[in-house]
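Derivation of every value follows stated rules applied to the coordinates shown; laboratory data play no part. None of the values given here were measured: they were computed from a predicted structure. Positions of Cβ are backbone-derived with ideal geometry, glycine not excepted, and every protein chain shown enters the neighbour counts.
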Amino acid sequence: MDITIPILILAIPLFMFLLLGLGGVKMSPKLAGVLGTLGMGTVLVLSYYTAFTYFFSGNPLFVDGTDRLQFVAFNQTWLQFTDKLVIKLGFLLDPISAMMLIVIPTISFMVHLYSLGYMHGERGFQRYYAFLSLFSFSMLGLVVATNIFQMYIFWELVGASSFLLIGFYYTLPSAVAASKKAFIVTRFADLGFLIGILVLSYYTGTFDFKTLCSNPQAVFSSFGGATFMGASALTWALVLIFTGGMGKSAMMPLHIWLPDAMEGPTPVSALIHAATMVVAGVYLVARLFPLYLLEEASLMFVTVVGAVTAFYAAVVACTQIDIKRVLAFSTISQIAFMMVGLGVARPEIHEGLGYMASMFHLFTHAMFKALLFLGAGALIHAVHSNNYTAMGGLRKYMPVTHITFLIGCLAISGIPPFSGFFSKDEILSACYENHIFWGVWMTMVAGMTAFYMFRLYYLIFWWDDPDYEERAKENAHGHGHASLPHDAPWTMTLPLIILALISIVDGFIPFGKFVTWEGHEYTIHINWLYAGISIAVAVIAILLARHLYIRKNDNPKAMADSCRWLWEAAHRRFYWDEIYLFITRRIIFDGICKPIAWFDRHVIDGTMNGLAYVTNQASSAIKGFQSGKVQMYIWWYLIGALILGAVTAVCVL
Amino acid sequence: MEFTPVYYLIPSLVMFCCGVYGFLTRRNMIAMLISIELMLNAVDINFVVFNRYLFPGSMEGMMFTLFAIGIAAAETALAIAIIINLYRVAKNIDVHDITQMKF
């Protein structure tokens, strides 16, 4: 395979970013949008071609018998500091990066297309498309990274483009605050990531993924049993690298930025904060999985963080009012599912089933969660509100959105034959095989997922039927256009339909043939015991949601009132933001920074100001010497010279 | 009669003291300049004398004197130029009246 296509895959979005970013002002919004979409379409075709070549061509570069190989298309030295410390930029093709080459351009293209309708008439339309291209470039660069440092560079770039897009409506204070929050929290996590990279490469002497992962035992021995605070240095390195993943993938306790990130435009939420960027943490762990396998403790850490986050996010999602927040917490919960899938994967259990399941879930989740977000965008577009309280009974007005949203809900709840069933079932099987506790725990979370998704579905599309005609008339006074909620234009519904179709069929992909942790083929067999349990739980949860929310009634409110404190706590996300504010503001700002600032202002500045003051005063006291009378100076000089001469004479003679 | 260095040094000392006295007391800038020249010439005499009596074989003192004369000429030209310019501006070259350059 020559290197033109891999280079083009990265170069086209970058070029589009520069073109739209620099020349966008001179273009009409429509031209900019179409150009961005066409650029992404080209990338879509090229990436599909690359991924399909990798999976199906049977070229000995890519596959050895039945084992898939890691193939480096190119690996260019970018910065060379010393012999060992070399930073390269390259393009790595292996099962997971090829899979991401399908996921990212697909979602990105759908979002580009959808935004043509959704963002129509917004100020800064060209800028929006420029940022979307920048994001696509960074995300593609991240997944094809050949070494951990390249990954880190693009990791920061996706963070930056996420920051720019969350703060797209920069006139809204809430959007500005949300973008800053996302940037700061993920940057804080990236500090851990960087330290982890440095520790890992300090001992192993390489950044290269292929070198690291092809011979994990060598990595293990290069650490030579170094320990730090009771854990081995390797565990520390892996946990610290995982910290970066926790920040990007919104795992507890660094999840607080993701719900606020919903301040950005909805298509951005679909692309960045649901389908692609937030799974970067999962991707990172998957990329370094052979190393994680060396230290069970680090995998245990991944599992525990994932399991706690999944449960927490599912509880909170049950009580949110803003539909995008529900989806945000659902995203957190589903990503935590993938983390758990990786955490429980062991080579001795079904040849690392959890790894495959996690990647499978990443794939299917990207599709159906993008679908749900784009559907939510269509709803918000129609109703002009983010809250489900402003919706209800919309199934009559927006049939396309209704059906596609329902498909998304069924997929995420794990109802066969929709895609979520297959991937989630694999994760649950892996959990049960690892330990029954994780299995039961994650099944419970899966049930809650079904419940809150269908709660949302029924509240939006059934429940009460607000008088939209009445409201449309009211709006007519305010906004000058009176219309009932209706389906969006084709640029918005077409992506919904395509993604819905994908969500129906992509569960049937024999994923084990393509993506496994060592490249061996693996045949998925559904374990009907576990599958039966998860289907039963999901169906019960859906029926419960249907019973509670299909028609307007007081039961949900009564239930919430009966356990007010719990509902309130969950609604306020268990006060995590308040805890963070307490820690940062009360302890760090008031307790540490203010005394330091006081010390700086009064002691250090005081010393300097004191010196300056003394000099100043002394100068003005003796400035009379400079009288302008030249002969006075000479007198003083003469006296000085004589005294000096006298002193010298006394001392020498 | 034997000429010792003292015969040369005493006139040179007198010249130097006259220069210092004139420099401190005269108010006319031209006179001050002349006083400076007087001091310089006293120093030149000393150079020559010490060279002649202490290091008869070498020429450094003589050369240095020539050098100092050259410098003195340049310095005088510069000082005269300054004084003339000052006179054009202030119509006055009395050093007691020119006291603008102060704090």
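Rounded to the nearest 500, what is the 222 nm mean residue ellipticity of chain A from helices alone, with -39500 (n - 2.57) per DSSP H run of 4+ residues and division by all residues?
On the way: 28 runs with 445 residues, N = 653.
Calculated mean residue ellipticity at 222 nm is -22500 deg cm²/dmol.
Counting other Cβ atoms within 10 Å, keep those with at most 15, restrict to DSSP loop, and tell me which GluC sites (Glu not before Pro) in region B:1-80 are left. Show your work: numbers first, answer last.
Numbers: sites: B:2, B:37, B:60, B:75; in loops: B:2.
Those that pass, being in a loop and sparsely packed, are B:2.
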Quiz item: Which Rg and Dmax, in Å, describe the Cα atoms of region B:5-90?
Solution: 15.3, 52
Self-check item: Reachable lysines from residue B:91, criterion Cα separation under 28 angstrom, eight or more residues apart if same chain
Solution: A:629, B:102
Quiz item: In whole Å, what three semi-axes, largest first, describe the equivalent ellipsoid of region A:98-244 built from its Cα gyration tensor (square root of 5 times each eigenvalue)?
Solution: 37, 19, 9
Quiz prompt | 0 to 90° range, to nearest 10: angle between helix A:125-143 axis and chain A longest Cα axis | solution = 90 degrees
Quiz item: What FRET efficiency do you get for residue B:66 and residue A:618 if R0 is 41 Å and r is their Cβ-Cβ distance, rounded to the nearest 0.05?
Solution: 0.35
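Diagonalise the Cα gyration tensor of the protein assembly as shown and give the resulting equivalent ellipsoid semi-axes, square root of 5 times each eigenvalue, largest first, whole Å. Display every interim value, and only then the final one.
Values: eigenvalues 1294, 228, 143 Å².
Here the semi-axes work out to 80, 34, 27 Å.
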Self-check item: Cβ-placed point charges (K, R +1; D, E -1), dipole of chain B about Cα centre in debye, nearest 20
Solution: 400 debye
Quiz item: Which of the listed residues, A:18, A:177, A:277, is farthest toward the dipole's positive end in chain A, when Lys, Arg count +1 and Asp, Glu count -1 at the beta-carbon?
Solution: A:177
Self-check item: Tail fraction, Cα-Cα pairs, region A:139-215, threshold 19 Å, whole percent
Solution: 47 percent
Exercise. Find the relative contact order for region A:259-412 and round it to a whole percent, using C-alpha pairs within less than 8 Å whose residues are 6+ positions apart.
Key: 27 percent
Quiz prompt | Peptide B:12-25, shielding by other chains (average Cβ, 10 Å cutoff) | solution = 1
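Among A:45, A:111, which comes first, second and so on when ranked by fewest other beta-carbon atoms within 10 Å?
A:45, A:111
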Quiz item: Tell me, what is the percent relative contact order of region B:5-90, built from C-alpha pairs under 8 Å that lie six or more residues apart?
Solution: 27 percent
Exercise. Using R₀ = 56 Å, calculate the FRET efficiency as 1/(1 + (r/R₀)^6) where r is the Cβ-Cβ separation of residue A:642 and residue A:608; round to 0.05.
Key: 0.90
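Just want to confirm a number: the relative contact order over chain A, from Cα pairs under 8 angstrom separated by 6+ residues, in percent. Mind showing how you got there, number by number?
Numbers: 1005 pairs, mean separation 78.0, N = 653.
Once normalised by length, the contact order is 12 percent.
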Quiz item: When we measure straight from the Cα of residue A:424, which aspartates and glutamates land under 18 angstrom away, once same-chain ones fewer than 8 places off are left out?
Solution: A:351, A:433, A:506
Quiz item: Residue by residue, what Karplus-based ³J(HN,Hα) values in Hz, rounded to whole numbers, does region A:602-608 have, using 6.51, -1.76 and 1.60 with θ = phi - 60° and x for Gly and Pro?
Solution: 9, 8, 6, 4, x, 4, 5
Practice problem: Please give, to one decimal in nm, the separation of the simple spin-label points placed at residue A:77 and residue B:100, each 7 Å out from Cα toward the Cβ. | Solution: 6.7 nm
Practice problem: May I ask for the angle, rounded to the nearest 10°, between helix A:630-652 and the longest principal axis of chain A, with both axes built from Cα atoms and the value confined to 0 to 90°? | Solution: 80 degrees
Quiz prompt | Degrees between helix A:468-479 axis and first principal axis of chain A (Cα, 0 to 90, nearest 10) | solution = 30 degrees
Quiz item: How many nm separate the modelled label positions at residue A:632 and residue A:15, each set 7 Å beyond the Cα in the direction of the Cβ?
Solution: 7.8 nm
Quiz item: How much FRET efficiency would the formula 1/(1 + (r/R0)^6) give for residue A:49 and residue A:558, where r is the Cβ-Cβ distance and R0 is 51 Å, rounded to 0.05?
Solution: 0.35
